[in-house]
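The values are calculated or read from the model by the stated rules, or taken from the named source; none is laboratory data. Model, not experiment: these values are computed from the prediction. Here Cβ is always computed from backbone atoms with ideal geometry, including for glycine, and neighbour counts include all displayed protein chains.
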């Protein structure tokens, strides 16, 4: 620039990246120019990121692009407004200037003087003197001059105020006269074109030789340099400028010219150089350098003095004289991100300003210079995001929320993992896991063993500790745990009801394999592992609850769902939310949870860092953070004092430490919060679960919550992620504080939980008032829970539970409810406590099961019927065991006093007095049952006269038909009825017919054909019995319709009387053809036993087909007296050779040698029928007939 030779450089570029020191060099150049008395101007155009996508040189309408035109406009304005209007009198550029009094006053005075001179010269003084009143001007020659002078002063005043009023308000753009118009201004293509004469005039007037342009590259529009070069050329070619050459100095970065490597004519008027297009890549790569040298005559590069490697030292140097400086580690961390010296100095300046305000002694305690510096670095690198911190919408806020979400997620997850491990240890899960393989092996081996010993495996079970285990249950953990924990002497393999085979523990292990012997050790080892896992989960939970953001980012193993189903650790999540420098600062803890406190000055607030942080992150945005940690309890009081109801009534109150602070001392402060918890419990129970899991005063919390929330018990038992011991304590607190007016939700799990753990709850065992005990019992009743052991309850609770009947009927419970010395007979229980009695009636099965064998169910006989009526109303099935267990003297004297539903059971228990009335009532309703038959078989009927004859007859017929009674008993009972007459056989049917012979013998039915007629269709045995028992049968047996097959049986029966048989045999009205051969033979056999028969009967028998061996023997007594025709009739009836004996002739019949044959032949010889007879060689007797 000092070169003033013929061709000096007029366009000079000082190039380098941002922060390389260009501005410092330019400042030195300006100082040098001042020393050499060279006029210069500095034009700096700042940009905050203006971006114009249209980079064309010329618009379609001939104008420059908007951005280029805008830059030119700014340059023109800086030029023209640089000098005051009076210094640029020749400028036509309209500018508003401030009012200058003295020049205007001087001009106005001059105008007044000119007016006065002209007025005097034109004779205005004389005219005033002529027209003025004479009285005014006579003798006063000075008056006209004063009037004209006054007019001049008036003109001057008017000019002064007119000039002042119209100045900068009136511009003349055109003048029209008739149809002609003159326009004084016109629009050019650009601001340079429009104001070119003004620019030239400026340089001419100011004699400026150097124009310095800074920050033009920030607009990212390299085309502005073309217009400036053109402007420089115009200025240097203008002869009216005497201060030539005019030099333009540009402070730019080199990379701006890479943007010129685009199509020069995007508008489409020009076409690219085909040759250039054809050139190779190397030519295209050299285009940016060519563009730069094309514009500038001289390029002065800047050697960078600040890099990411040297910035740490420069940063440290900036803080050398500071009272409080960041640590070397922090400056090393951020140094790599700061490569602009101005940025470094600005960070240092802002740090000092913030430090004075934020780190003062009376400010918030606990804030550090390192963290303040980190926030200043973040502020300067992320200006917009830093401003968003105030609204809680910055990226660091998002990272902080991710941190809090990770704390919540991991706390819940680790608590659940610990609980799951403990639940597995407490349950059969481990035994089930290890027992499966052993059980399956046993299921394979035992059926083979059963076949070997000859038993079916289908019904075979294993007996262990009095429990049966079918083969299908051998894989259960319960079986193997019992086997290992009890180590029995033997296990029995048998079918129900059999002795079976005993297997020792070693036998089972041998069958299964040695691995089964160590099942308990494997389960113990797994349990120990689960306990370690539980402790590890709790330790992790404790760490997460207390960890800082940096500590949690360092744990790569702790993850949570983010961005769908994928899980990431906090470090990865934060890395996706913030910039690398912010991530580094967060990971090292230089930006921590208190980052908000470094952004504002909280003067006049005496509050801790944690309290203020809580206010900013939770109270003000009304956001809840369940696990936010305060540095001390007093901080919570300060939050309340500062924020009041906004804190206690908002979401931020839902914090574990806040509830821990208020619950023991001022629980009423949380009433609104508790009401909100109840309202949202169905949709969001996260804080409920968090406090129930980790709160210090959970019992107080539940006590305050239970009266408000009907779902408290269901949630505590089914949904809260806590261990059993904690759940018991909390449910205990809920029971103690429950409101009897609240209709609590219930479930089977709640009832089961109360029934299992009531003995561990003070609500059931501690000493309480009667009214409170009644509330506890009412609550248990509402849930359907029962107290299995009354002995563990407090006295008041026991009375309330007994009154509500909330206990199973066991011997111990009954004695606890009634008194240790009270008999447990039902009548005694009823007399002692009617409530207990009714509860026993409602649970009779349990009562009967718990009763000892020698205990009576009813002691007093007079109460027997009353108790039975109560029992039958409660359970019909229990009447029998109650009746059987009553004292020996208990029986039902009058059945009408007992409910009919109990009759059968009473009879089954043999507790019915066998009066005719009782038996008659019972039989009329239920018939002669087997149980009644047992009674009647052993006892006689009593009190016969108390029943009418008709009823006794009905009972008699019923007893006759009672086949479950022995015939002897039936006959006995019917005789005991003392009937005035015999029973009507017509009323005896079915099975009762078989009893007719016995009734006949006892004279209870008529001995007549009508009675026998009822037995016609009965078996012969019954009819034979009738024949045997009948005393008058011989008188009417011939009248009976005896079947042909019966006669042989009757005649052969030893039980039928002889006179009956004779009556049958000698029946005079019997026709031979009605007598069967078998009957005839039977009569013969009967006669052969010593009973004589008549000739007529012999004729009938022979004609009926009786064989010769029977007839001949019976004929012997009659041979000497029988008439020949009768004898011939018998012989003809015998047929065969016997018929030959009836006639004379030469025939020689051969007869069998039978008893009576010889006598017959002798008699026939005597009667000259037979000539001779002799034994035949062929057997028998050969007879020779007379001729």
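In this structure, is residue 677 more than 22 Å from residue 730 (Cβ to Cβ) and touching a helix residue (DSSP H, G or I) at 6+ places or on another chain (Cβ under 7 Å)? No: the conditions fail for residue 677.
Residue 391 satisfies every condition listed in (1) surrounded by fewer than 18 Cβ atoms within 10 Å (Cβ to Cβ); (2) out of contact with any helix residue (DSSP H, G or I) (no Cβ under 6 Å at 6 or more places or on another chain); (3) outside any loop (DSSP other than H, G, I, E, B); (4) at pLDDT 80 or above except (3). Against the test of being under 26 Å from residue 16 (Cβ atoms) and either outside the structural domain of residue 23 (by TED's automatic domain parsing) or at pLDDT below 80 (or both), the options 258, 194, 188 yield a single qualifying residue, 258. Among the residues of region 1165-1184, those that are farther than 19 Å from residue 1124 by Cβ and either in a loop (DSSP other than H, G, I, E, B) or not assigned by TED's automatic domain parsing to the domain that holds residue 1149 (or both) comprise 1176, 1177, 1178, 1179, 1180.
Residue 1160 falls short on exactly one of the conditions (1) under 17 Å from residue 1106 (Cβ atoms); (2) not in a helix (DSSP H, G or I), and that condition is (2).
Listed here are the residues, each with its yes/no results for (1) at pLDDT 85 or above; (2) more than 24 Å from residue 359 (Cβ to Cβ); (3) out of contact with any strand residue (DSSP E or B) (no Cβ under 8 Å at 6 or more places or on another chain); (4) surrounded by fewer than 18 Cβ atoms within 10 Å (Cβ to Cβ).
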site	(1), (2), (3), (4)
518	no, yes, yes, yes
537	yes, yes, yes, no
540	yes, yes, yes, no
631	yes, no, yes, yes
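With respect to the conditions (1) touching a helix residue (DSSP H, G or I) at 6+ places or on another chain (Cβ under 9 Å); (2) surrounded by 14 or more Cβ atoms within 10 Å (Cβ to Cβ), residue 323 lacks only one, and its number is (2).
Between 359, 338, 343, the distinction of being within 21 Å of residue 579 (Cα to Cα), in contact with a helix residue (DSSP H, G or I) (Cβ under 9 Å, 6 or more places away or on another chain) and surrounded by fewer than 22 Cβ atoms within 10 Å (Cβ to Cβ) belongs to 343 only. Residue 677 meets the conditions (1) within 23 Å of residue 779 (Cα to Cα); (2) not in a helix (DSSP H, G or I) in every case but one. The failed one is (2).
Here's the yes/no breakdown for (1) farther than 13 Å from residue 403 by Cα; (2) in a helix (DSSP H, G or I); (3) in contact (Cβ under 8 Å) with a residue 60 or more places away in the chain:
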{"site": "526", "(1), (2), (3)": "yes, yes, yes"}
{"site": "532", "(1), (2), (3)": "yes, yes, no"}
{"site": "538", "(1), (2), (3)": "yes, yes, yes"}
{"site": "551", "(1), (2), (3)": "no, yes, no"}
{"site": "563", "(1), (2), (3)": "yes, no, no"}
{"site": "568", "(1), (2), (3)": "no, no, no"}
{"site": "574", "(1), (2), (3)": "no, yes, yes"}
{"site": "577", "(1), (2), (3)": "no, no, yes"}
